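Worksheet: the structure to be examined is printed underneath.
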Amino acid sequence: MATDRIKGHLDLLLLSVVQARPAHGYEVITALRERSGGEFDLPEGTVYPLLHRLEADGLLASSWDDSGKRRRRVYRLTAPGLRALADERSSWRRYATSVEMVLGGAS
Amino acid sequence: MTDSRDGSQSAIDAYLDDLLARLHGPADRVRRIVAEAEAHLRDAADANEAAGMDPAAAESAAVERFGSPAVVASAANRSLGAASPTQLVTATGWLAAKLCAVGLVAVGLSGPLATALAAIAGRGYVFGLPAGVSMPGSACAHWLAVQAGASGCAQAGMFENADDTLGLRVAAGVLGLLLTGGLLLLRRIGRRPVDVLPRGFGATVGGTVFGCAAVVLFVLGLSDSVVALNFGQGQWYVDSLISLVVSVWFFAGLLRRLRSPAAPAVTALTT
């Protein structure tokens, strides 16, 4: 259920994870799962097309990193990505507050 | 390529081969997707091994968490924005099979519904022969032979039509259920073709086809009351009603998809 609910907000979550520091796909997906306490558990392979789309939209940039045990594509937030994240975060908080107000009012 | 010691292909290599076969698009982008998938799977397998799994189990667990090749390829192909002719043909075939299955189940439902309507409105209204139309003698002889309790040709034809309507339509419904089960089974075992058709295309086609069918069947029912085209007009209305319900069902699904807050991002996850 939690996985279903995040589907409309994956852009926000992925941008937020990458904001902390540049990360390759496996790190991004692991961080998403760990920071959600295991609630957001997606088919991991489906996250890559989303990262690619965010990159195509100019919100992320990526480059190959050959320094480790194996070659990885590392993603980092761009300036437009940072602005989009701020906007999305603000929008989400307004939405969450509104939902909470309604739920609280019903109790 | 890394093979296990017994010569069989490793789970990760088998997965990557399967994924690669399903991807379609510019070579550099396909190569990037496979490279990222391989790095991810081997990182995940390493982590699983570090957690105490044996190597084969670690690879299998990594592959399982990554998602089926069909799902991942479908999401990736959408981002690649490309589909091969083969993918288009198989996706269209899959959609056609789904529509056939729904259509057959709808026909199956129409049999009992027509019988129920006959119990309320009379068998003549639903199954009766057209008024004032004389039937060929051979048809009458056949009906009277198989419907021994009938008082005449018209009644025998009506009884025969009622029996055929229920029996043949229920058989079509069973066939539709079997086809539905086959499609669900293929989906469950990951043999569903990559969905390269536009989002909501299947629901649009289904809703339109069944909606048009509902209108045509209703008009035929109206016409039948005037010119007596065929056996009782009640059958036309039952068929029209079922088609309308199926059409509404398709369009409701389309609306749900279009209203989903998941819009573009989720497309990749729901195929």
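The values are calculated or read from the model by the stated rules, or taken from the named source; none is laboratory data. This one's a predicted model, so the numbers in the text were calculated from it and none came from an experiment. Neighbour counts are summed over all protein chains in view; Cβ atoms, including those assigned to glycine, are modelled from backbone coordinates with ideal geometry. Surface accessibility is based on the protein's heavy atoms, side chains included, excluding ligands, DNA and RNA. Shrake-Rupley method; radii C 1.70, N 1.55, O 1.52, S 1.80 Å.
Summary of computed values
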quantity: Full-extension gain in nm, B:VAL34 to B:ALA14, via 0.36 nm per residue minus C-alpha separation; calculated: 6.0 nm
quantity: Degrees between helix B:27-50 axis and first principal axis of chain B (Cα, 0 to 90, nearest 10); calculated: 70 degrees
quantity: Segment B:ARG257-B:VAL245, length gained on full extension (0.36 nm per residue, minus Cα span); calculated: 2.5 nm
quantity: Proximal charge balance of B:THR115 [Cβ under 15 Å; K/R count +1, D/E count -1]; calculated: -2
quantity: Two-site FRET efficiency, B:ARG188 against B:VAL219, from Cβ-Cβ distance with R₀ of 51 Å, rounded to 0.05; calculated: 0.80
quantity: For segment B:18-176, projected area of the alpha-carbon convex hull averaged over all directions, nm²; calculated: 17.3 nm²
quantity: Chain B: most fluctuating residue of B:GLN147, B:GLN235, B:GLN87 per GNM, C-alpha cutoff 10 Å; calculated: B:GLN147
quantity: Of all accessible heavy-atom area on chain B, the percent that carbon and sulfur account for (1.4 Å); calculated: 67 percent
quantity: Table column - 3J(HN,Hα) (Hz), segment B:12-24, Karplus curve with 6.51, -1.76, 1.60, x for Gly and Pro; calculated: 5, 5, 4, 5, 5, 4, 5, 4, 4, 5, 8, 7, 8
quantity: Mean projected area (nm²) of the alpha-carbon convex hull when the protein assembly as shown is viewed from all directions; calculated: 28.5 nm²
quantity: Per-selection metrics, segment B:11-81 (Cα): Rg and Dmax in Å; calculated: 12.5, 40
quantity: Residues in segment A:12-38 occluded by at least 50 Å² - accessible area, probe radius 1.4 Å, against chain by itself; calculated: A:TYR26
quantity: Calculated diffusion of chain B, Stokes-Einstein form, Kirkwood radius summed over Cα pairs, 37 °C and 0.692 mPa s, µm²/s; calculated: 145 µm²/s
quantity: Karplus (6.51, -1.76, 1.60) ³J(HN,Hα), θ = phi - 60°, over segment B:164-181, in Hz, Gly and Pro reported as x; calculated: 5, 4, 5, x, 5, 6, 5, 4, 5, x, 5, 4, x, 5, 5, 5, 4, x
